[in-house]
Amino acid sequence: MDVNGIQLNVEMEGEGPPLLLLHGFTGSIQSWRRILPALRNRYKVVLVDMIGHGLSESPVDFRRYSMEHAVEDLLQLLAQLGLPKVNLLGYSMGGRCALQFAVQAPERVHTLILESSSPGIAAEPEREARRRSDEALAGFIIEQGVAAFVDRWTSLALFATQQALPDFIKNEVRCQRLQNQAQGLANSLRGMGTGVQPSWWGRLQEIRVPTLLLVGEHDAKFRRIGLSMEKIIPGSTLQIIPSAGHTVHLEQPAVFTAAVMDFLSLHNPHS
């Protein structure tokens with residue numbers, strides 16, 4: 001679909017209340033395939049490859065990848081689809097985008113589900129350090145290519161728990177990541193990385209929609225972030241998923257899906 005002058009790959013499956021899914025960095029629509037069958041039985045699931053990912057366009061100008069533009073694109077996309085309000089689920093980078101969407105356009109969000117997500121980095125010195133780190137990583141992607149980057153990315157401690165997954169699942173994830181383009185991944189880091197996005201810690205109390213925070217038991221950093229967010233977002237609920245790391249929906253898909261479906265059923269009683 002043409003959205004604000006760029007091509008975004010969009011799919012819709014199922015019927016019922018709309019549920020928009022936003023994947024993480026290096027992900028795509030394919031990232032949700034293991035949990036999609038349960039979701040589409042009761043919801044109209046809207047899947048989108050975020051800018052620079054999957055089959056969506058990868059513009060040359062990294063400024064087109066900002067979170068502000070991403071939110072504008074989602075608003076335009078939903079308008080084109082005739083969806084004034086959605087349930088919104090985002091993972092990691094997609095969760096940061098979902099959170100910014102909920103702060104900037106609360107009237108368009110029915111419920112909010114954030115998996116392994118953060119409101120950004122509050123302290124400027126830490127943000128600057130992260131910007132430098134992301135810029136170096138973006139340069140590595142351009143110079144060394146996607147395959148070398150994927151090897152480096154998957155070796156991060158953040159994803160250590162995924163080593164326990166069956167080989168065929170690890171191979172599926174690797175193949176999906178390799179389908180991304182170097183320019184798209186590099187510009188995503190430069191345009192919507194944690195170091196360059198706004199910090200939303202000071203505005204979390206403005207979120208008034210039902211909010212579910214999901215984190216993995218073994219993801220210590222995002223457990224801490226989730227606990228802090230739960231204290232600030234009014235009426236939010238934090239659920240820590242046992243035997244999972246950062247990518248809960250991949251490592252514990254059945255438990256993740258059950259948590260999401262229970263939450264959505266509570267707030268979409270006719271679904």
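The values are calculated or read from the model by the stated rules, or taken from the named source; none is laboratory data. Keep in mind the model is a prediction, meaning the values are calculated, not measured. Virtual Cβ from ideal backbone geometry, glycine too; neighbours counted across all protein chains shown. For accessibility, only protein heavy atoms count, side chains too; no ligands or nucleic acids. Shrake-Rupley method; radii C 1.70, N 1.55, O 1.52, S 1.80 Å.
Here are the numbers for this structure:
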| quantity | calculated |
| --- | --- |
| Bridge type composition, the chain - antiparallel percent by DSSP, nearest 5 | 20 percent |
| Among Leu165, Leu185, Leu227: highest mean-square fluctuation, GNM of the chain, C-alpha pairs under 10 Å | Leu165 |
| Cα Rg, Dmax (largest Cα-Cα span) when computed across the chain, Å | 17.2, 51 |
| Cα lying deepest toward the dipole's positive end in region 1-119, options Leu77, Thr26, Leu88, charges on Cβ | Leu88 |
| The chain - percent relative contact order, Cα under 8 Å, separation 6 or more | 22 percent |
| Ser243-Phe168 pseudo-label distance in nm [points 7 Å out on the Cα-to-Cβ vector] | 1.9 nm |
| Spin-label model distance (nm) - Asn9 vs Glu217, 7 Å beyond Cα toward Cβ | 3.5 nm |
| The chain: most fluctuating residue of Gly226, Gly145, Gly27 per GNM, C-alpha cutoff 10 Å | Gly145 |
| Choice from Leu99, Leu83, Leu114 showing the highest fluctuation, given a GNM over the chain with Cα pairs closer than 10 Å | Leu83 |
| Sites Lys85 and Ile232, calculated FRET efficiency, Cβ-Cβ separation with R0 35 Å, nearest 0.05 | 0.90 |
| Assigned charges on the beta-carbon of Lys, Arg, Asp, Glu; the chain dipole about Cα centre (debye) | 360 debye |
| Kyte-Doolittle at least -1.0, axis length at least 27 Å by Cα - qualifying DSSP helices, the chain | none |
| For region 18-91, convex hull volume per residue from C-alpha positions, Å³ | 93 Å³ |
| Å² of accessible area per residue within the chain, as computed with a 1.4 Å probe and no ligands counted | 42 Å² |
